[in-house]
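Trainee: Supplied in C-alpha cells, the structure appears directly below.
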Amino acid sequence: MGMSDHKREIEELRAELARVDGQILAALEKRAKTSRRAGELRTGPAQLPLTEKAQLATLLARASGDMPSPDLRAIFQQVYASCLALELPVKVAYIGPEGGFAHAAARARFGAGAELVAGDTIAATLDEVASHRAEFAVLPVETTTEGPVQSTIFALVATELKIVAEIETVSDLCLMSRTGNESDIEKVYATAADHARAQASLAALGKKPGGAVAGYDVKTPLVACKLASEDHGAAALVTDGFGTEHELGVARRGMVDGGAERVRYAIVGARPSARTGDDATACVFSVHDAPGALLDILRLFAERGINLRKIQSRPARGVFEEWTYMFFVELSGHTTDRPLVSAIEDVRHKARFFKVLGSYPSI
C-alpha cells in the first residue's frame, strides 16, 4: 500500500468516525427526550430509579471489549446522571461548598443540570429535605480512613428521613491553572480544609527550582477557580471536574496527602426506597449493660441467615449518658425481606435503642 493509499484510508476512517459521532449524538438526544417524557408522566413524590446498576451490568456483559470496560462504565454513568436530571428535575441539598467533594458526588448522581443547594451543616442539609424544600440530601456516610461518619449517622437518628441510595466516589484534588503548566504556578488558592488535605504536596511543590509557592485561603473552590482563571501565575486546588468546568487545565493530579480517599455518600430522602433484590440496610442500636447483650442482638440476625456486612461502635454522645456506645451495622437485604422483618421486630424488643436508617441498592 502506497503512502497515498494509506492517507486515503485514514481520511475514510476519520469520516466514518464523524458519522458514528453523529449516530451517538442522535441516540443521546433520543434518550434525553425519552427521559424527559418519562418525567412528564411521573406522579406522586419523587423517587430515585433503582435499576440502573442492573442495567449497566447487562450492558457491560454485552460489550465486545473493543471499548475498555471502565471507560464504558464511566460513560454510561454520566449518561444516566444527565438523563436523571431531565426525568427527575428535583432540588438536591448537599453538605459543604460548591465545588467540594459532596457537590461533586451530587452532580455525579443527579447530573450537572440538577438544581443543587449547599448546606453549611449536616443538620441544615437534612432540614432542606425534612422541610420539603429539597427532595434529597447528599451526605458523607463512610470513608476509608475514618469508617462511618459519626456526625451524619447521629444527625439521621434525630430525623425520620431515610437513606435511599448510596454513591461511592474517590475524593482527590488537582492543581489546576489557566495554562495547566506546573512551572508557571507562583501562588495557590484553596479553601483552608483543602490546603490542610494537601499540606505536604504543596510544601514539596514549593521546594522545586524557582522558589516557594505562596498559598492563599479562600472561602470556596468557586472563588479559587475564579482567581486562578484571572492570573497566569495562579492555580486552584480543586476537584478535576470542577476546575475543568471553569476552563482550567490540570497541572498536577493526586494532591491529597497520603493518596485519594474513597468516600461513600448517602442519598437521603423522605420516602423509603423500593426493594431491588440486591439491597443493603443500615441500622443503629445500643444494648443494655449486661453480659452477652451484644451477642444476643447479633445472634438474632445470624439465626435468620442475615449477613452482617459491617459493624462499628461509636460513643453515643448526646443520646445517652457518658460511655454508652451506639453500634452502626450494615446488613444484606431490604427491610421488606421476610428474614429482616422478623429480625428487626425481635431486635427492637431486646435492644436499648434501635433504628433503621434505610435500605438501598448495594454498591
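Trainee: Condition first: touching a Leu at 6+ places or on another chain (Cβ under 9 Å) and at pLDDT 85 or above. Now tell me which residues in region 38-76 satisfy that.
Mentor: If the condition is that a residue be touching a Leu at 6+ places or on another chain (Cβ under 9 Å) and at pLDDT 85 or above, then A38, L59, L60, A63, S69, L72, R73, F76 are the ones that fit.
Trainee: Can you name the residue in region 124-142 that is more than 16 Å from the chain's Cα centre (by Cα) and free of Cβ contacts under 8 Å to residues at least 40 places away in the same chain and, of all such residues, is surrounded by the most Cβ atoms within 10 Å (Cβ to Cβ)?
Mentor: E128
Trainee: Quick check on my filter: what residues within region 59-99 are open to solvent by 70 Å² or more (accessible area, probe 1.4 Å) and under 29 Å from A137 (Cα atoms)?
Mentor: From region 59-99, those open to solvent by 70 Å² or more (accessible area, probe 1.4 Å) are 61-62, 64, 66-67, 70-71, 73, 75, 77-78, 89, 98; that's our starting set.
Matches in region 59-99: P70, D71, R73, I75, Q77, Q78, P89, E98.
Trainee: I've got another one for you. For region 2-52, what are the residues that are open to solvent by less than 70 Å² (accessible area, probe 1.4 Å), outside any helix (DSSP H, G or I) and free of Cβ contacts under 8 Å to residues at least 40 places away in the same chain? It would help to see each step written out before you state the result.
Mentor: From region 2-52, those open to solvent by less than 70 Å² (accessible area, probe 1.4 Å) are 2, 5, 15, 18, 20, 22, 26-27, 32, 35, 38-39, 44, 46, 48-50, 52; that's our starting set.
Now narrow it down to the ones that are outside any helix (DSSP H, G or I): 2, 44, 46, 48-50.
Those that are open to solvent by less than 70 Å² (accessible area, probe 1.4 Å), outside any helix (DSSP H, G or I) and free of Cβ contacts under 8 Å to residues at least 40 places away in the same chain: G2, G44, P49.
Trainee: Separate question: Name every residue in region 254-267 that is surrounded by fewer than 16 Cβ atoms within 10 Å (Cβ to Cβ) and on the phi < 0 side of the Ramachandran plot, in order of residue number. Write out each step before concluding.
Mentor: From region 254-267, those surrounded by fewer than 16 Cβ atoms within 10 Å (Cβ to Cβ) are 254, 257-260, 262; that's our starting set.
Residues satisfying the conditions are D257, A260, R262.
Trainee: So which strands (runs of 3 or more DSSP E) stay within region 286-363 end to end and still have 3 or more residues that are free of Cβ contacts under 8 Å to residues at least 60 places away in the same chain and open to solvent by 20 Å² or more (accessible area, probe 1.4 Å)? Before you say what the answer is, go through the steps one by one.
Mentor: Numbers: elements: 308-315, 325-332, 353-361.
Counting at least 3 such residues, we get 308-315, 325-332.
Trainee: Quick one: would you say T34 is over 24 Å from the mean Cα position of the chain (by Cα), closer than 30 Å to A270 by Cβ and among the β-branched types (V, I, T)? Lay out the reasoning, then the answer.
Mentor: Working: over 24 Å from the mean Cα position of the chain (by Cα): yes; closer than 30 Å to A270 by Cβ: yes; among the β-branched types (V, I, T): yes.
Answer is yes for this residue.
Trainee: State yes or no: is F110 touching a Gly at 6+ places or on another chain (Cβ under 8 Å) and not aliphatic (A, V, I, L, M)? So that I can check it myself, show each step before the final result.
Mentor: Details: touching a Gly at 6+ places or on another chain (Cβ under 8 Å): no; not aliphatic (A, V, I, L, M): yes.
Considered against the rule, which asks whether it is touching a Gly at 6+ places or on another chain (Cβ under 8 Å) and not aliphatic (A, V, I, L, M), F110 comes out as no.
Trainee: Kindly provide the set of residues from region 218-253 that are open to solvent by 40 Å² or more (accessible area, probe 1.4 Å), more than 16 Å from G99 (Cβ to Cβ), in contact (Cβ under 8 Å) with a residue 24 or more places away in the chain and not in a strand (DSSP E or B), ordered by number.
Mentor: Passing the criteria: D231, H232, R253.
Trainee: If you go through region 203-212 one residue at a time, do you hit one that is buried (at least 20 other Cβ atoms within 10 Å of the Cβ) and either closer than 30 Å to G44 by Cβ or in contact with a strand residue (DSSP E or B) (Cβ under 7 Å, 6 or more places away or on another chain) (or both)? Steps first, please.
Mentor: In the first step, residues of region 203-212 are kept if they are buried (at least 20 other Cβ atoms within 10 Å of the Cβ); the result is 205.
Filter once more, keeping what is either closer than 30 Å to G44 by Cβ or in contact with a strand residue (DSSP E or B) (Cβ under 7 Å, 6 or more places away or on another chain) (or both): none.
No, the conditions are met nowhere in region 203-212.
Trainee: Then there's this: Hey, among T169, T145, which residue is among the β-branched types (V, I, T), in contact (Cβ under 8 Å) with a residue 12 or more places away in the chain, part of a loop (DSSP other than H, G, I, E, B) and surrounded by fewer than 22 Cβ atoms within 10 Å (Cβ to Cβ)? I'd like the intermediate steps shown before the answer.
Mentor: Numbers: T169 fails: part of a loop (DSSP other than H, G, I, E, B).
Answer to the check: T145.
The values are calculated or read from the model by the stated rules, or taken from the named source; none is laboratory data. Remember, it's a predicted structure, so these values are computed and weren't measured experimentally. As a convention, Cβ positions derive from the backbone with ideal geometry for all residues, glycine included, and neighbour counts pool all protein chains shown. With ligands, DNA and RNA removed, areas are computed over all heavy atoms of the protein, side chains included. Shrake-Rupley method; radii C 1.70, N 1.55, O 1.52, S 1.80 Å.
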